[in-house]
């Protein structure tokens, strides 16, 4: 499944140096993984949220490693969260970016 990960310039530099997007710490709700969204515009907003330049990475992940973002409200199903354009987490240690978009 194609999803997007938005980050600032500093985060993008680390991803490019490592060649992978590393899982973050435990987020709200105790979920640990790589934050992703099916919506490019949401990833852009996140990438630019800290000011300055940002980057959106396009990734391909298997649906079976995805969990709904606990901040998605009452939506527990990954399929429903994605259909609503919400965020999900890939519960893996790393995700390999396929494409990079400067924003």
What pairs come up if the first residue lies in segment 76-95 and is touching a residue at least 24 places away in the same chain (Cβ under 8 Å) and at positive phi, the second is surrounded by 15 or more Cβ atoms within 10 Å (Cβ to Cβ) and assigned to a strand (DSSP E or B), and their beta carbons are under 9 Å apart, counting only those six or more places apart or on different chains? 85/37
Pairing a residue in segment 46-57 that is on the phi > 0 side of the Ramachandran plot and in contact (Cβ under 8 Å) with a residue 40 or more places away in the chain with any residue that is outside any loop (DSSP other than H, G, I, E, B) and surrounded by fewer than 16 Cβ atoms within 10 Å (Cβ to Cβ), where Cβ atoms lie under 6 Å and the two sit 6 or more apart in sequence or on different chains, gives 52/9
Against the condition in contact with a helix residue (DSSP H, G or I) (Cβ under 8 Å, 6 or more places away or on another chain) and either in a strand (DSSP E or B) or in contact (Cβ under 8 Å) with a residue 40 or more places away in the chain (or both), how does residue 5 come out, does it pass? yes
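No lab work stands behind these numbers, since they all come straight from the coordinates. Just so it is clear, the model here is predicted, and its values are computed rather than measured. FYI the Cβ positions are ideal-geometry reconstructions off the backbone, even for glycines, and counts take in every protein chain you see.
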